[in-house]
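Comments concern the structure below.
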Amino acid sequence: MNSDNKIISAIFGVFFIEAAVLGNWIPRIPDFKEALSLSDAGLGVCLLAVPLGTMLGLMVAGRITERTGLRKACQLFLPAWALSFLLPPFASSQLMFIVLLFICGLAVGLIEVAMNTEADRIEQALGRKIMSRCHGFWSLGSMAGALIGGALAHVGVSVVVHFLIVMPVMAVLGYLFASGLPRIQSGTTTVENDEASALFLLPSKAIMLLCMMPIGAMVVEGAFIDWSAVFVRSILDASPLIISIVYSFFAIVMACVRMSGDYIGDRMPAIRIVQISGLATAVGIAVFALSPNVFVAMIGAAISGMGVAIVYPIAMTAAARRPGRSADNVAALTMVSFSAFLFAPPLIGFISHEFGLRIALLMLVPIALSTVFLSKEVEQAPAPNTAD
């Protein structure tokens, strides 16, 4: 394996491990809900701590990575993200659970900035498109983590033992993959610092609608991560293993579409891809929310996974090609979309408390359809060159 392939494998590994940590958390959410006797609204309050911590992480990540460099940041924050999950299983109250989830959110905000900026830097340095495949490996990681977590829960392994075994292993693997990333040359620090600082700019009027376009897909993706396990457990009365399999249908379809994203983009206009994706997202979440059994839920999860897969990468490309500084445009899109991704799941909990989880998930359908109505926003940018 030559040096370029080693670097690409390392960044793929970083994305995979970051998502695998999240995947292990997903099938255990119902266990925390039950252990702390939380209502849907109570769980929503707790889950809100994650995005709040993440937003703080995003605010300080730029300055921290300026001092550490991107490689060192990945070496530090990827293990920190994994090890942060050793804390929540020991929560004895809702308040303590909220505080510990806030710490988890802070850690993921730091690694998100570091690994995505590093992926972009590697892509530019190698002259090869890898971002779509990076996110494909993220989807594979979340699926693998969910299967591991679901299997351990199915055989009766407690959350404490599960996380004490798995999370340190994830931390070590994350450090090893991050250590395979290239060292930053002194001449590139200024560019990277500019990128880190640009992450927090608000969107200009010229790209405001474009920033709103992927929100529908991001909201549904966030809903599946935080609420699919609760839905399948509480509404469909499924076992932990079945819970992880249902989420895996969502994740594996999303991964396959992301891995094929460049091929699809070469053969279909971006606006058509976004329209089909938006419709699939809306249909998928509706089928899932109305599912009478696990089989139908799996179908809904698969359709949703297809729909949400590549809307965000297409929006990123369009933003980079709008008038103005491309880094500023991409940064604004990142902040708007990531905020929707993180804050939607807690809001679902509040709605579920009042109207039930099926209704709360069905309310995402019109939001998903907004992606279709705003699809013309990607037409204002030239079609991306997706060749490697």
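Data table
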quantity: Residue, farthest from Phe355 (Cα to Cα), within the range 261-288, restricted to residues that are at pLDDT 85 or above and of a type outside the set (A, V, I, L, M, F, W, C); calculated: Pro269
quantity: Residue within the range 249-263 that is in contact with a helix residue (DSSP H, G or I) (Cβ under 7 Å, 6 or more places away or on another chain), among the acidic types (Asp, Glu) and in contact (Cβ under 8 Å) with a residue 24 or more places away in the chain present; calculated: yes
quantity: Hits in the range 290-324 (condition: more than 23 Å from Ser339 (Cβ to Cβ) and hydrophobic (A, V, I, L, M, F, W, C)); calculated: Leu290, Val294, Phe295, Val296, Ala297, Met298, Ile299, Ala301, Ala302, Ile303, Met306
quantity: Residue check for Ser186: of a type outside the set (Val, Ile, Thr), modelled with pLDDT under 80 and not assigned by TED's automatic domain parsing to the domain that holds Met298; calculated: yes
quantity: Pair list, Cβ < 7 Å and 6+ apart or interchain, from the range 289-311 residues that are over 18 Å from Trp138 (Cα atoms) to residues that are crowded, with 24+ Cβ neighbours inside 10 Å and at pLDDT below 90; calculated: Val294/Val232; Val294/Val246; Ala297/Val232; Ala297/Val246; Met298/Val246
quantity: Any hit, the range 246-263, residues being more than 20 Å from the chain's Cα centre (by Cα) and either surrounded by 23 or more Cβ atoms within 10 Å (Cβ to Cβ) or outside the structural domain of Leu140 (by TED's automatic domain parsing) (or both); calculated: yes
quantity: Residue in the range 25-37 that is touching a Leu at 6+ places or on another chain (Cβ under 6 Å) and more than 17 Å from Ser339 (Cα to Cα) present; calculated: yes
quantity: Residue match in the range 133-143 (condition: in the same structural domain as Val160 (by TED's automatic domain parsing), touching a Leu at 6+ places or on another chain (Cβ under 6 Å) and in contact (Cβ under 8 Å) with a residue 40 or more places away in the chain); calculated: yes
quantity: Near pairs, Cβ below 9 angstrom, 6+ apart or cross-chain, from the range 362-388 (among the aromatic types (Phe, Trp, Tyr)) to any residue that is at pLDDT 90 or above and part of a helix (DSSP H, G or I); calculated: Phe373/Gly278
quantity: Residue check for Ala344: buried (at least 21 other Cβ atoms within 10 Å of the Cβ), more than 19 Å from Asn116 (Cα to Cα) and at pLDDT 90 or above; calculated: no
quantity: Condition met for Ser179 (free of Cβ contacts under 8 Å to residues at least 24 places away in the same chain and among the hydroxyl-bearing types (Ser, Thr, Tyr)); calculated: no
quantity: Selection status of Phe85, crowded, with 23+ Cβ neighbours inside 10 Å, touching a Pro at 6+ places or on another chain (Cβ under 8 Å), among the aromatic types (Phe, Trp, Tyr) and touching a residue at least 24 places away in the same chain (Cβ under 8 Å); calculated: no
quantity: From Leu106, Leu70, Leu101, Leu47, residue being hydrophobic (A, V, I, L, M, F, W, C), assigned by TED's automatic domain parsing to the domain that holds Ala178, within 18 Å of the chain's Cα centre (by Cα) and at pLDDT below 90; calculated: Leu47
quantity: Entirely in the range 35-154, the helices (runs of 4 or more DSSP H) that have 1 or more residues that are among the aliphatic types (A, V, I, L, M) and out of contact with any helix residue (DSSP H, G or I) (no Cβ under 9 Å at 6 or more places or on another chain); calculated: 94-126
quantity: Count - residues of the range 232-245 that are within 19 Å of the chain's Cα centre (by Cα) and either surrounded by 24 or more Cβ atoms within 10 Å (Cβ to Cβ) or not in a helix (DSSP H, G or I) (or both); calculated: 2
quantity: Of residues in the range 264-281 being free of Cβ contacts under 8 Å to residues at least 60 places away in the same chain and more than 23 Å from Ile367 (Cα to Cα), the one surrounded by the most Cβ atoms within 10 Å (Cβ to Cβ); calculated: Ile264
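The values are calculated or read from the model by the stated rules, or taken from the named source; none is laboratory data. Since this is a predicted model, take the numbers as computed values, not measurements. All Cβ positions, glycine included, derive from the backbone under ideal geometry; neighbour counts span all protein chains shown.
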